[in-house]
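One structure is given here, and the rest of the page talks about it.
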Amino acid sequence: MIWLTWRQMRAQTLWTAALIAAAAAYLLYLATDLRDTYRLTITDCTTACDDAKHAFADTFGPGLLLIGLLLIVGPALIGAFWGAPLITRELETGTHRLVWNQSVTRKRWLAVKLALAGGVSVLFTGGLSLLLSWAAEPFDGLVNSRFEPLTFAARDLAPFGYALLAFTLGLVVGVLARKTLVAMAVTLLVFAAFQLLMANVVRPHFAEPVTETIQWSDANTVGQIDSFGIGPEGAGIQGYTIPGAWVISDYITVYKGDGTEVTEADIEACDKTGGTPDDCMTGFDASFEVVYQPADRYWDFQLLELGVAVGLSAVLAGIAFWRIPRGLN
Amino acid sequence: MNTPVLSTDTLTKRYGRHTALTEATLDIPAGRIVGLVGPNGAGKSTLLALAAGLIRPTSGHIHVLGRTPAADAHQLADVGFVAQDTPVYATLTVADHLTMGKRLNPTWDDTFARTRIQQIGLDPTKKAGRLSGGQKAQLALTIAAAKRPKLLIFDEPVAALDPLARRAFLQNLMEFVAELDISVILSSHLIGDVERVCDHLIVLAESRVQVAGEIDDLTANHHRLIGPRGTLDTLPDGIDLIAADHTDRQTTLIVHNTTGHPLDLPGADTIGLEDMVLTYLHRAEGLTAPTLQETRA
């Protein structure tokens with residue numbers, strides 16, 4: 001059975017391997033270049049180090065993002081082009097009626113297909129993920145935003161789970177739809193929906209986020225205010241970054257020391273005294289609340305992300321193992 | 001050889017509202033070449049797919065060689081199945097198919113397989129997708145036979161073949177059935193083919209088994225009775241009426257003698273296999289059979 005499965009997937013596996021090898025070669029080149037540049041411009045930095053960091057991030061960001069996107073799109077493609085046709089193609093060409101009558105039970109037939117083609121999917125994706133995580137290490141350390149959705153989903157363990165899930169999803173949708181093209185389209189859509197849902201709805205709730213009150217005077221030591229605005233609705237922070245952490249709040253209201261909101265009138269009154277907005281806010285004894293997932297939860301979240309994907313894959317595989325021995329005609 | 005190759009009890013298969021097979025009860029002894037005949041859509045493929053374990057019954061029971069079809073690897077090894085249109089892997093070569101057979105079947109007879117491929121004249125390096133219909137059928141037949149099953153099942157093996165290839169295929173089939181000493185069930189809508197190679201018959205129409213038995217018994221026990229109108233209104237016990245046709249002066253009956261004794265009625269005449277089958281098929285469709293009149297005399 002292993003021989004037949006391999007014989008059937010040989011061509012596509014070799015093609016994909018060639019593609020992965022090309023990506024890996026590029027990553028190796030990028031990793032070497034990245035480390036040389038890091039040593040020269042960051043480690044040995046003497047003047048204008050912040051500019052050097054920005055220049056470094058600008059230089060290597062796009063290349064790493066490209067491979068990262070490949071890792072995010074890759075599983076969906078695996079699901080559509082490997083998972084969906086794996087059994088559906090046999091049903092469409094009728095060859096299941098040939099292979100199901102060899103002296104191999106359908107459960108074993110399915111198990112070998114799932115293990116071999118699914119295993120290759122996971123190995124390819126996971127291997128590339130580990131290579132990217134290694135290559136991007138100095139970059140990720142510098143930029144320090146590993147919870148960024150496009151980074152989180154393309155590093156370490158998460159891609160292993162995605163590959164497994166997309167593959168089993170394609171397989172099960174194929175078994176249920178029995179039309180390769182329909183199954184491919186449905187797989188792509190459902191998996192894209194899954195990724196969006198994970199990043200925006202599920203992942204923020206993997207753990208109860210931390211709510212921290214930050215004094216205005218500490219605002220730029222704990223983290224960094226990206227943008228701050230004053231309007232008729234009062235004073236608010238539109239972007240707050242804490243190194244390595246995942247800030248969930250997207251609009252943060254600023255309060256005065258007495259617990260009331262900082263209003264436009266407060267700012268205008270303060271402006272007349274001639275102080276900078278920063279001085280004013282400190283004068284108000286202002287503070288704000290930030291809701292975030294701390295940086296040290298990164299590995300817990302990676303494991304949970306993997307766990308969710310593996311769990312869903314197991315359910316899907318269960319459906320396939322329940323459905324296929326019952327016959328499909 | 002005491003275990004029946006196929007035994008079913010009120011076997012029924014439904015797809016949604018459509019009933020493909022209705023309460024089929026059969027008992028087929030080992031060592032036969034069984035012909036399954038009936039019009040398209042009669043349920044032949046359904047019955048064979050149930051026997052091969054490709055699908056499961058909605059209700060009723062089926063046992064093949066005394067066991068549930070496709071129960072385990074051992075049961076699968078005992079049954080060879082060649083599906084309709086004889087599917088093969090288009091991108092795999094003929095040799096790849098033999099390797100597949102060898103790897104997937106512990107009882108595989110590689111010498112037999114290679115010899116047969118050579119005899120048929122198939123090029124082992126040729127992709128199966130480029131074979132003709134007849135060659136594909138031969139390849140599928142070889143794979144099914146080389147696993148040395150106790151029972152071979154063919155679903156319309158010759159439907160896609162031209163008359164010449166059909167004859168060659170059936171000839172071939174007969175040869176190695178004799179060589180391997182196995183039971184065979186094959187479906188066909190060509191009664192002539194069945195008559196040539198089979199010794200047991202199942203007539204299936206409108207999803208129901210119409211009649212089943214040894215062909216010799218069936219032909220010996222089906223009769224055409226012709227008599228003046230009114231003289232054939234009552235039949236003795238054990239003489240089943242299959243079809244009746246009346247003209248103003250004459251009545252023609254087709255009857256099945258199930259008494260076990262020779263029929264002792266005046267004007268009785270045996271009918272051929274084809275006429276018998278057609279009578280059952282017409283009855284199933286609720287039509288008056290035109291074959292009741294002796295047309296060939």
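The values are calculated or read from the model by the stated rules, or taken from the named source; none is laboratory data. Source: prediction; values computed, not measured. Methodologically, a virtual Cβ is constructed for each residue, glycine included, from the backbone with ideal geometry; neighbour enumeration extends over all protein chains shown.
Could you tell me whether B:LEU253 is assigned to a loop (DSSP other than H, G, I, E, B), among the hydrophobic types (A, V, I, L, M, F, W, C) and free of Cβ contacts under 8 Å to residues at least 40 places away in the same chain?
Numbers: assigned to a loop (DSSP other than H, G, I, E, B): no; among the hydrophobic types (A, V, I, L, M, F, W, C): yes; free of Cβ contacts under 8 Å to residues at least 40 places away in the same chain: yes.
Here the answer is no, as B:LEU253 does not meet what is asked.
Quick test for you: out of A:ALA48, A:ALA52, pick the one residue that is farther than 30 Å from B:ASP72 by Cβ, at pLDDT below 90, in contact with a Cys (Cβ under 7 Å, 6 or more places away or on another chain) and in the same structural domain as A:GLN195 (by TED's automatic domain parsing). Spell out the reasoning first.
Details: A:ALA48 fails: in contact with a Cys (Cβ under 7 Å, 6 or more places away or on another chain).
Checking each option against the conditions leaves just A:ALA52.
Between a first residue in region A:299-312 that is closer than 12 Å to A:TYR162 by Cα and a second residue that is surrounded by fewer than 16 Cβ atoms within 10 Å (Cβ to Cβ), which pairs have beta carbons less than 8 Å apart while being 6 or more apart in sequence or on different chains?
So the pair list comes out as A:VAL308/A:VAL202.
For region A:221-329, which fully contained strands (runs of 3 or more DSSP E) count at least 1 residues that are of a type outside the set (D, E, K, R), outside the structural domain of A:ARG108 (by TED's automatic domain parsing) and loosely packed, with under 15 Cβ neighbours inside 10 Å?
So the answer is A:224-231, A:234-241, A:252-255.
Could you say which residue among A:ALA31, A:ALA55 is over 24 Å from the mean Cα position of the chain (by Cα) and part of a helix (DSSP H, G or I)?
Working: A:ALA31 fails: over 24 Å from the mean Cα position of the chain (by Cα).
The conditions single out A:ALA55.
Is there any pair linking a residue in region A:21-38 that is of a type in the set (D, E, K, R) to one that is surrounded by 11 or more Cβ atoms within 10 Å (Cβ to Cβ), with Cβ under 7 Å and at least six apart or on different chains, and which?
If the second residue must be surrounded by 11 or more Cβ atoms within 10 Å (Cβ to Cβ), the pairs left are A:ARG35/A:PRO138.
Kindly evaluate B:GLU156 against the criterion of being more than 30 Å from B:THR12 (Cβ to Cβ) and assigned by TED's automatic domain parsing to the domain that holds B:THR91. Write out each step before concluding.
Details: more than 30 Å from B:THR12 (Cβ to Cβ): no; assigned by TED's automatic domain parsing to the domain that holds B:THR91: yes.
No; evaluated as a whole, the condition is false for this residue.
Output the residues belonging to region B:51-84 that are touching a Pro at 6+ places or on another chain (Cβ under 6 Å) and among the acidic types (Asp, Glu).
B:ASP78
Tell me which residues, restricted to region B:86-143, are of a type in the set (A, V, I, L, M) and more than 14 Å from every other protein chain (Cβ to nearest Cβ). Lay out the reasoning, then the answer.
Step one: filter region B:86-143 for residues of a type in the set (A, V, I, L, M), giving B:88, B:90, B:92, B:94-95, B:98, B:100, B:104, B:113, B:117, B:120, B:122, B:128, B:131, B:137, B:139-141, B:143.
If the condition is that a residue be of a type in the set (A, V, I, L, M) and more than 14 Å from every other protein chain (Cβ to nearest Cβ), then B:ILE117, B:ILE120, B:LEU122 are the ones that fit.
Taking the criterion of being within 14 Å of chain B (Cβ to nearest Cβ) and over 26 Å from A:LEU165 (Cβ atoms), would at least one residue in region A:70-93 satisfy it?
Scanning region A:70-93, I find at least one residue that is within 14 Å of chain B (Cβ to nearest Cβ) and over 26 Å from A:LEU165 (Cβ atoms), so the answer is yes.
Output the residues belonging to region B:144-169 that are in contact with a strand residue (DSSP E or B) (Cβ under 7 Å, 6 or more places away or on another chain) and away from chain A (no Cβ under 14 Å).
As a first pass, look at region B:144-169 and keep what is in contact with a strand residue (DSSP E or B) (Cβ under 7 Å, 6 or more places away or on another chain): B:144-145, B:147, B:149-158.
Passing the criteria: only B:VAL158.
Would you say B:GLY16 is within 19 Å of A:LEU4 (Cα to Cα), within 14 Å of chain A (Cβ to nearest Cβ) and of a type outside the set (A, V, I, L, M)?
On the way: within 19 Å of A:LEU4 (Cα to Cα): no; within 14 Å of chain A (Cβ to nearest Cβ): yes; of a type outside the set (A, V, I, L, M): yes.
No; evaluated as a whole, the condition is false for this residue.
Collect the residues in region A:123-146 that are in contact with a Phe, Trp or Tyr (Cβ under 9 Å, 6 or more places away or on another chain), crowded, with 20+ Cβ neighbours inside 10 Å and part of a helix (DSSP H, G or I), keeping them in residue-number order.
Those that are in contact with a Phe, Trp or Tyr (Cβ under 9 Å, 6 or more places away or on another chain), crowded, with 20+ Cβ neighbours inside 10 Å and part of a helix (DSSP H, G or I): A:THR125, A:GLY126, A:SER129, A:PHE139.
Answer yes or no as to whether A:ALA117 is assigned to a helix (DSSP H, G or I), assigned by TED's automatic domain parsing to the domain that holds A:ASP33 and either among the aromatic types (Phe, Trp, Tyr) or surrounded by fewer than 18 Cβ atoms within 10 Å (Cβ to Cβ) (or both).
Values: assigned to a helix (DSSP H, G or I): yes; assigned by TED's automatic domain parsing to the domain that holds A:ASP33: yes; either among the aromatic types (Phe, Trp, Tyr) or surrounded by fewer than 18 Cβ atoms within 10 Å (Cβ to Cβ) (or both): no.
No: the conditions fail for A:ALA117.
Among what's in region B:67-83 and is of a type in the set (Val, Ile, Thr) and at the interface with chain A (Cβ under 9 Å from one of its Cβ atoms), pick the residue that is farthest from the chain's Cα centre (by Cα).
So the first thing to find is which residues in region B:67-83 are of a type in the set (Val, Ile, Thr), and the list is B:68, B:79, B:82.
Still in the running and at the interface with chain A (Cβ under 9 Å from one of its Cβ atoms): B:79, B:82.
Values: B:VAL79: 15, B:VAL82: 13 Å.
Applying the filter and picking the extreme gives B:VAL79.
Across region B:145-158, what is the number of residues that are outside any loop (DSSP other than H, G, I, E, B) and crowded, with 24+ Cβ neighbours inside 10 Å? Let's see the steps before the verdict.
Step one: filter region B:145-158 for residues outside any loop (DSSP other than H, G, I, E, B), giving B:145-146, B:151-154.
From what's left, crowded, with 24+ Cβ neighbours inside 10 Å: B:145-146, B:152-154.
Residues meeting the conditions: 5.
Here's the yes/no breakdown for (1) over 20 Å from the mean Cα position of the chain (by Cα); (2) surrounded by fewer than 19 Cβ atoms within 10 Å (Cβ to Cβ); (3) basic (Lys, Arg):
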| position | (1), (2), (3) |
| --- | --- |
| B:SER188 | no, no, no |
| B:ASP199 | no, yes, no |
| B:VAL203 | no, no, no |
| B:GLY213 | no, yes, no |
| B:THR234 | yes, yes, no |
| B:ASP245 | yes, yes, no |
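List every residue pair whose Cβ atoms lie under 6 Å apart, where the two residues are 6 or more positions apart in sequence or sit on different chains, the first residue falls within region A:257-284 and is more than 18 Å from A:GLN215 (Cβ to Cβ), and the second residue, located anywhere, is part of a loop (DSSP other than H, G, I, E, B).
Short answer, once both residue conditions are applied: A:GLU264/A:PRO232.
How many residues are of a type outside the set (Val, Ile, Thr), within 12 Å of another protein chain (Cβ to nearest Cβ) and without any contact (Cβ under 8 Å) to a residue 60 or more places away in the chain when one looks only at region B:50-65?
Step one: list which residues in region B:50-65 are of a type outside the set (Val, Ile, Thr), which gives B:50-54, B:56-57, B:59-61, B:63, B:65.
Add one more test, that the residue is within 12 Å of another protein chain (Cβ to nearest Cβ), and what stays is B:50-54, B:56-57.
Imposing the further condition that a residue be without any contact (Cβ under 8 Å) to a residue 60 or more places away in the chain reduces the set to B:50, B:53-54, B:56-57.
Of the residues in region B:50-65, 5 are of a type outside the set (Val, Ile, Thr), within 12 Å of another protein chain (Cβ to nearest Cβ) and without any contact (Cβ under 8 Å) to a residue 60 or more places away in the chain.
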